[in-house]
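Here's the structure, in structure tokens; my notes come after.
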Amino acid sequence: APRAQSGGSGKPGGIVGARVLFSEGSSLTSREFLSVLGPAGHHIEIVDPNPTCICRFSRWVKRVHHCPPPGTDPVGYLEVVNSLLASGTFDVLLPTHEQAWLFAAGRQRLNPNARIAIASADAFSRVQSKIEFARLLDEVALPQPKWQLVNSPAELVEWQTPFYLKVPFGTAGTGVRRVTKAGDSEAAFESLRFAAKGGPLMVQ
């Protein structure tokens with residue numbers, strides 16, 4: 001939330017921007033947040049393991065704090081973030097990318113007074129899995145393309161191409177295959193079997 005200051009700020013009512021800590025500065029998502037919050041007058045700092053992350057080069061970023069990679073050292077990452085929050089320097093922690101789930105799962109490791117708008121880990125589990133997300137959309141009656149679970153290539157025979165095969169967890173580059181010819185179904189299925197860890201795939 002904006003803060004009042006005693007001196008003249010050049011803004012109505014003496015309001016200055018919030019002091020915001022971004023959870024990372026390497027994604028295009030964080031760059032979009034930056035392009036909105038920076039010009040609005042907010043003080044922005046970033047925690048990121050990459051010293052040359054994309055947001056570092058923006059005039060809106062005041063400082064980049066180095067941290068361990070959250071993917072390989074999540075506890076170390078949380079410790080750095082918690083230390084920054086405990087310093088009292090920031091008004092709010094803004095999860096800009098997939099670190100949001102880590103904050104939800106490790107909320108007890110963060111200062112209880114830390115200001116962060118985050119859903120529960122259980123809520124994240126409903127939207128991070130492509131399969132669970134599809135089920136959730138069905139539950140709340142939001143439209144989506146036809147889909148079903150498949151456990152073998154034989155179950156794809158009835159599907160008209162083009163369609164997509166997806167693992168529950170994975171990026172578009174590693175966990176999704178677009179099948180444009182019926183003869184490619186088996187190869188696409190086999191290419192994702194390992195990533196699915198023995199579970200079903202999703203066809204859509």
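The values are calculated or read from the model by the stated rules, or taken from the named source; none is laboratory data. What you see is a predicted model, and the numbers here were worked out from it, not measured in a lab. Positions of Cβ are backbone-derived with ideal geometry, glycine not excepted, and every protein chain shown enters the neighbour counts. Ligands, DNA and RNA are stripped out before the accessible areas are found, and what is left, the full protein with its side chains, is counted by its heavy atoms. Shrake-Rupley method; radii C 1.70, N 1.55, O 1.52, S 1.80 Å.
Of the residues in region 63-78, at least one is assigned to a strand (DSSP E or B), within 30 Å of residue 21 (Cα to Cα) and among the charged types (D, E, K, R). Of all the numbered requirements in (1) part of a helix (DSSP H, G or I); (2) surrounded by 14 or more Cβ atoms within 10 Å (Cβ to Cβ), residue 96 misses one, and that requirement is (1).
Taking every residue in region 102-129 that is farther than 17 Å from residue 23 by Cβ and acidic (Asp, Glu) and pairing it with any residue that is modelled with pLDDT of 90 or more and open to solvent by less than 50 Å² (accessible area, probe 1.4 Å), at least 6 positions away or on another chain, yields no pair with a Cβ-Cβ distance below 6 Å.
Screening residue 159 against (1) among the aromatic types (Phe, Trp, Tyr); (2) open to solvent by less than 40 Å² (accessible area, probe 1.4 Å); (3) free of Cβ contacts under 8 Å to residues at least 60 places away in the same chain; (4) closer than 30 Å to residue 40 by Cβ leaves a single unmet condition, (4). Got at least one residue in region 174-181 being more than 11 Å from residue 201 (Cα to Cα), open to solvent by 70 Å² or more (accessible area, probe 1.4 Å) and among the aliphatic types (A, V, I, L, M)? Scanning region 174-181, I find no residue that is more than 11 Å from residue 201 (Cα to Cα), open to solvent by 70 Å² or more (accessible area, probe 1.4 Å) and among the aliphatic types (A, V, I, L, M), so the answer is no. Residues in region 185-197 that are charged (D, E, K, R) and surrounded by 14 or more Cβ atoms within 10 Å (Cβ to Cβ) were compared, and the one that is farthest from the chain's Cα centre (by Cα) is 186.
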